[in-house]
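Readers should treat all values here as calculations from the given coordinates under stated rules, not as data from a laboratory. These figures come from a predicted structure and were not determined experimentally. Don't worry about glycine lacking a Cβ; one is built from the backbone with ideal geometry, like all the others, and counts go over all protein chains shown.
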Amino acid sequence: MASTLITVAPTGAETAKADWPALPTTLDELVETAKRCESAGAAMIHIHIRDGEHQPTLDLGRLTDTVTAVRENTGLIVQLSTGGAVTDPYDHRLRVLDAVPDSCSLTMGTVNFGDDVFMNPWPFVTQLYQLTQEREVVPEFELFDLGHVAALHRLLDKYGLPYGGRVHCDLVMGVPGGMPGTADALVAAVNALPDAVTSWSATGIGRTALPVALAALSKGGNLRVGMEDTLTLAKGQPVTHNAELVERAATLATLAQRPPMSPDEARDLLNVKRDR
Ligand code: KMH
Ligand code: ZN
């Protein structure tokens, strides 16, 4: 039976700890979250870290310690965000690869991001992509808009396949400024993906989480969930632990007769470097 890759994105860079105490911002909280989410069905974790004041950071020492701790305590594929926060400079975002993750996010273009702008100009995208190839890190291409899908065609045509030979994408839908979190938009984006794409997931921000997850399963895709993207299970029902979102995704995937895949199966799917 086919199975579903569930990625958990537990923290993000946008939500304040003071507003959402359940958001995992310390290393201990992140490790505890990773363990519970793995038990609930996650196979990969998309990580943003915070500093001692719970503010987003790309501090290399903290990133390296985080990668080590999550590897020591779970079997999850460790994906570090290279998107960081909208304020992070390009050199810090490139330096994330020095922490030697299994995978990293790689956003395929600039996008309005609420009242901010998430900057990903083409020269930065190509530099980061070539660095992933050199460092043997599997990128996850983050697609916030249909234009990003077109940019992925351009990137693969010019620079070839990622390390490992697989092409894995994630549709990030429902960001104010990006494509909407609707089934119609998902189908349009998936139908436009390059033939080289071997797997894709989707996530819907906020209240688009459920329609996007259901559309993704219907269209044969995988799921990303977590408090980076969604802070409530339903109107007036806050998420109290990321594992609740993973459990819900696992239930939906099982109902769709594509139960969650294990981290080892996900390693085969994405062909991440072994023995890190
Ligand atoms: N925090 C956003 C500005 C990524 O992780 O690569 C970017 C983001 C995408 O979350
Ligand atoms: Zn992220």
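Can you work out the FRET efficiency for the pair ALA192 and ASP157, with r the C-beta to C-beta distance and R0 = 22 Å, to the nearest 0.05?
Details: r = 14 Å, r/R0 = 0.66.
It comes out at approximately 0.95.
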Checklist entry - Between ALA2 and ASP51, what length in nm is gained on full extension when 0.36 nm per residue of separation is reduced by their alpha carbon distance? => result 13.7 nm
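Using a/c under 1.5 as the rounded threshold, could you call the chain rounded, prolate or oblate? The axes a ≥ b ≥ c are square roots of the C-alpha gyration tensor eigenvalues, and prolate needs a/b larger than b/c, oblate otherwise. Walk me through the numbers before you get to the answer.
On the way: a/c = 1.18, a/b = 1.04, b/c = 1.14.
Note, shape of the chain comes out rounded.
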Checklist entry - Once Lys and Arg get +1 and Asp and Glu get -1 on their Cβ, which of THR25, ALA189, ALA85 lies farthest toward the positive end of the dipole of the chain? => result ALA189
Checklist outcome for this item: Answer in debye to the nearest 20: the dipole magnitude of the chain about its Cα centre, from +1 Lys/Arg and -1 Asp/Glu charges placed on Cβ, is 580 debye
Checklist outcome for this item: A correct fewest-to-most ranking of VAL70, VAL117 by other Cβ atoms within 10 Å would be VAL117, VAL70
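If we count every other residue with Cβ under 10 angstrom of ALA13's Cβ, Lys/Arg +1 and Asp/Glu -1, where does the sum land?
Once positives and negatives cancel, what remains is -2.
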Next on the checklist: So, R0 is 35 Å and r is the distance between the beta-carbons of LYS35 and ASN112; what FRET efficiency does that work out to, to 0.05?
Outcome noted: 0.45
Checklist outcome for this item: Site THR182, offset 7 angstrom along Cα→Cβ, radius 20 Å on amide nitrogen, limited to the stretch 100-132, gives 112-114
Item to check | Cα shape, the stretch 1-92, gyration tensor, a/c 1.5 rule | outcome: prolate
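Return the percentage of antiparallel bridges among DSSP beta bridges fully within the stretch 6-270, rounded to the nearest 5 %.
Details: 7 of 36 bridges.
Counting only bridges with both partners in the stretch 6-270, antiparallel ones make up about 20 percent.
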